[in-house]
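Visitor: Pasting in a structure now, in structure tokens, and then I'll have a few things to ask.
The values are calculated or read from the model by the stated rules, or taken from the named source; none is laboratory data. Because the structure is a prediction, the values reported are computed rather than measured. Neighbour counts are summed over all protein chains in view; Cβ atoms, including those assigned to glycine, are modelled from backbone coordinates with ideal geometry. To get the accessible areas, we keep the full protein, side chains included, count just its heavy atoms, and leave off ligands, DNA and RNA. Shrake-Rupley method; radii C 1.70, N 1.55, O 1.52, S 1.80 Å.
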Number of protein chains: 2
Amino acid sequence: MNAGFIQTHPKFGRIKENVEDAAKKIRALDADLVVLPELFSTGYQFRSKEEARKLSEGVDGYAAGRLSEAAKEKNIHIVAGFAEKAGKRAYNSSMLIGPRGVIGVYRKAHLFWDEKKIFSRGDTDFKVYKAGGVKVGMMICFDWIFPEVSRTLALQGAQIICQPSNLVLPYCPQAMITRSLENRVFSITANRVGSEERVRGKRLRFIGTSQIVAPDGSVLYRAAGDGVEAAAMEINPEEALNKDITPVNNLFKDRRRDLFVL
Amino acid sequence: MNAGFIQTHPKFGRIKENVEDAAKKIRALDADLVVLPELFSTGYQFRSKEEARKLSEGVDGYAAGRLSEAAKEKNIHIVAGFAEKAGKRAYNSSMLIGPRGVIGVYRKAHLFWDEKKIFSRGDTDFKVYKAGGVKVGMMICFDWIFPEVSRTLALQGAQIICQPSNLVLPYCPQAMITRSLENRVFSITANRVGSEERVRGKRLRFIGTSQIVAPDGSVLYRAAGDGVEAAAMEINPEEALNKDITPVNNLFKDRRRDLFVL
């Protein structure tokens, strides 16, 4: 299969424009699985809970609808970060969309900095979904720093970990190599580019460098630090089913759970 | 305090020579805490359990004795990997030595490849010890690939994770940056150099690149891939007590244990 990402540059608050732009790029990319950045449809820096609530949508919203059309048309799967409306709350969420529409939603468990003022913290499990014949898991941006997140997904069988992101710090791309290695899974980080300064004194520059990493830790593709870009690589997701790293070492079976205190 | 490592080139089976060499280098290094490689006193590639038993020692052995003398003389702490005799068993162990002798022993939990034929698997907890005023934890080489190991040590308060190693694969030095970052701890990896081909057809070349990493993931020092070397850096271990990475994000308190399935 081909799996990849679209590194976008969202315009804050312009949902239709951002969604149409992403849908167009999805149609142009030869990929069975495409990951979009965190909050791809709205942009990142909300000024208040009210603003987030106003710009958030349900899984029956514009973004989900248009991406579902693209997924149906191309018979593919899409993972996209979005601001999710749920009653009076807004979550920083990610949805998995297939040819028949939305399959699952993950609500970001570990909110970073001012996100805590804007979003409710996630209340969904780290769940693994079938996308075509392949098991995928979702995590969002800052979740990377907690090794338990990718571990939980991998132990449940995730072959590909999809990570919509709005990274500003430089550590994650390198750390995701470790996440792939320690779990023997593919990981796809879709980051955005550009900058935002919607909150006074908080200029955020997003670092791009979206990437696709193989279970052996090799970086199959890494995007530039700036510039909009789409990329997909041919991968064999079955590689992620094999947790043997020597003839006598299995990454999962060797774990000394009897000695861990977590 | 000053903390560092000695990157050695052990000669297989020549315990006295290897220990004297290390003790001399310890005496020459300005460090309050020094980490030596895995199996520093014996070399790595044992041909059989019998050979390992023959060359292994207790904490009353030659290596422990001579290192204790050096630790007493310099009023420092030493972490050293050694083949530990315990009854009829041999463990791939690490000992923490202070001015008053051996403080604690860790027996490698995750044995790599042929080590499974040679050593008994570790039966000690991942325990944290006081070394002077500082809490240190020990793990050995391949333990790095299991994020639960450094996590367990950090959650118990380890400020410095000491990792005696005999690395042959290239991934660990980069991954230890992630281990330091995700736990906000210092890590010291002491690796060896040179090669061994004591088992027919198994030529092992050890990759050196011993390193000292700060809680923010910065590499304070990384040794060359070959060549014997000793290095120490001034560090402030109190930095590892602070798990805040933003004014509202604490790496330990933010962990969503309610969602992890480990």
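Visitor: Could you check, for segment B:68-88, whether at least one of its residues is of a type outside the set (Phe, Trp, Tyr), within 14 Å of chain A (Cβ to nearest Cβ) and open to solvent by 10 Å² or more (accessible area, probe 1.4 Å)?
Guide: No, because not a single residue in segment B:68-88 is of a type outside the set (Phe, Trp, Tyr), within 14 Å of chain A (Cβ to nearest Cβ) and open to solvent by 10 Å² or more (accessible area, probe 1.4 Å).
Visitor: What is the one condition in (1) touching a residue at least 12 places away in the same chain (Cβ under 8 Å); (2) of a type in the set (Gly, Ala, Ser); (3) out of contact with any Leu (no Cβ under 8 Å at 6 or more places or on another chain) that residue B:87 does not satisfy?
Guide: (1)
Visitor: Follow-up question, since we're still on this one. If you check residue B:140 against the conditions, is it more than 9 Å from chain A (Cβ to nearest Cβ), in contact (Cβ under 8 Å) with a residue 40 or more places away in the chain and under 29 Å from residue A:145 (Cβ atoms)?
Guide: Considered against the rule, which asks whether it is more than 9 Å from chain A (Cβ to nearest Cβ), in contact (Cβ under 8 Å) with a residue 40 or more places away in the chain and under 29 Å from residue A:145 (Cβ atoms), residue B:140 comes out as yes.
Visitor: Still on this structure, please answer the following. Quick check on my filter: what residues within segment B:112-124 are more than 8 Å from chain A (Cβ to nearest Cβ) and buried (at least 19 other Cβ atoms within 10 Å of the Cβ)?
Guide: Matches in segment B:112-124: B:115, B:118, B:119, B:120.
Visitor: Additional query: Pairs under 7 Å by beta carbon, first residue in contact (Cβ under 8 Å) with a residue 12 or more places away in the chain in segment A:26-53, partner small (Gly, Ala, Ser) and in a loop (DSSP other than H, G, I, E, B), six or more apart or different chains?
Guide: The qualifying pairs are A:32/A:132; A:37/A:165; A:38/A:165; A:42/A:13; A:43/A:13.
Visitor: So which strands (runs of 3 or more DSSP E) stay within segment A:53-119 end to end and still have 3 or more residues that are among the β-branched types (Val, Ile, Thr)?
Guide: A:101-107
Visitor: Something else now. Report, by residue number, each residue of segment B:168-198 that is over 19 Å from residue B:136 (Cβ atoms), away from every other protein chain (no Cβ under 14 Å) and not hydroxyl-bearing (Ser, Thr, Tyr).
Guide: Correct list: B:192, B:193, B:194, B:196, B:197, B:198.
Visitor: Follow-up. Every residue in segment B:156-186 that is in a loop (DSSP other than H, G, I, E, B), closer than 29 Å to residue B:133 by Cβ and not polar (S, T, N, Q), please.
Guide: Passing the criteria: B:157, B:158, B:184, B:185.
Visitor: Something else: What are the pairs with Cβ atoms under 9 angstrom where one residue, in segment B:155-174, is within 20 Å of residue B:82 (Cα to Cα) and of a type in the set (Asp, Glu) and the other, located anywhere, is open to solvent by less than 10 Å² (accessible area, probe 1.4 Å) and not in a loop (DSSP other than H, G, I, E, B)? Sequence gap at least six, or different chains.
Guide: From residues that are within 20 Å of residue B:82 (Cα to Cα) and of a type in the set (Asp, Glu), there are no pairs.
Visitor: Check residue A:127 against each of (1) buried (at least 22 other Cβ atoms within 10 Å of the Cβ); (2) within 14 Å of chain B (Cβ to nearest Cβ); (3) in contact with a helix residue (DSSP H, G or I) (Cβ under 9 Å, 6 or more places away or on another chain); (4) not small (Gly, Ala, Ser) and name the one condition it does not meet.
Guide: (1)
Visitor: Now for a separate question. What's the total number of residues in segment A:13-61 that are open to solvent by less than 20 Å² (accessible area, probe 1.4 Å) and either modelled with pLDDT under 95 or at positive phi (or both)?
Guide: 2
Visitor: Continuing with this model, one more query. Somewhere in segment A:123-134, is a residue part of a helix (DSSP H, G or I) and within 14 Å of the chain's Cα centre (by Cα)?
Guide: no
Visitor: Give the residues of segment B:1-31 that are under 18 Å from residue B:164 (Cβ atoms) and among the acidic types (Asp, Glu), sorted by residue number.
Guide: B:21
Visitor: Identify, from the list B:184, B:198, the residue that is over 22 Å from residue B:28 (Cβ atoms) and crowded, with 18+ Cβ neighbours inside 10 Å.
Guide: Of B:184, B:198, the one residue that is over 22 Å from residue B:28 (Cβ atoms) and crowded, with 18+ Cβ neighbours inside 10 Å is B:184.
Visitor: Would you mention how many residues in segment B:211-225 are touching a Gly at 6+ places or on another chain (Cβ under 9 Å), part of a loop (DSSP other than H, G, I, E, B) and either at pLDDT below 95 or open to solvent by less than 40 Å² (accessible area, probe 1.4 Å) (or both)?
Guide: The total comes to 2.
Visitor: Please indicate, with yes or no, whether at least one residue in segment A:35-48 is of a type in the set (A, V, I, L, M) and in contact with a helix residue (DSSP H, G or I) (Cβ under 7 Å, 6 or more places away or on another chain).
Guide: Yes, segment A:35-48 contains a residue that is of a type in the set (A, V, I, L, M) and in contact with a helix residue (DSSP H, G or I) (Cβ under 7 Å, 6 or more places away or on another chain).
Visitor: Report every pair of residues separated by at least 6 positions or lying on different chains whose Cβ atoms are under 7 Å apart, first residue within segment B:238-262 and in contact (Cβ under 8 Å) with a residue 24 or more places away in the chain and open to solvent by less than 20 Å² (accessible area, probe 1.4 Å), second among the charged types (D, E, K, R) and assigned to a strand (DSSP E or B).
Guide: Nothing qualifies.
Visitor: Output the residues belonging to segment A:102-111 that are touching a residue at least 40 places away in the same chain (Cβ under 8 Å) and open to solvent by 10 Å² or more (accessible area, probe 1.4 Å).
Guide: A:102, A:105
Visitor: Right, here's the next one. Which number in (1) without any contact (Cβ under 8 Å) to a residue 60 or more places away in the chain; (2) in contact with a Phe, Trp or Tyr (Cβ under 9 Å, 6 or more places away or on another chain); (3) assigned to a strand (DSSP E or B) marks the one condition that residue A:152 misses?
Guide: (3)
Visitor: Any idea which of (1) more than 12 Å from every other protein chain (Cβ to nearest Cβ); (2) over 16 Å from residue A:164 (Cα atoms); (3) open to solvent by less than 60 Å² (accessible area, probe 1.4 Å) is the one residue A:203 doesn't satisfy?
Guide: Here residue A:203 clears every test but (3).
Visitor: Of the residues in segment B:189-210, how many are part of a loop (DSSP other than H, G, I, E, B), under 22 Å from residue B:80 (Cα atoms) and basic (Lys, Arg)?
Guide: 1
Visitor: If you go through segment B:226-262 one residue at a time, how many are outside any strand (DSSP E or B), more than 19 Å from residue A:126 (Cα to Cα) and within 14 Å of chain A (Cβ to nearest Cβ)?
Guide: So the answer is 3.
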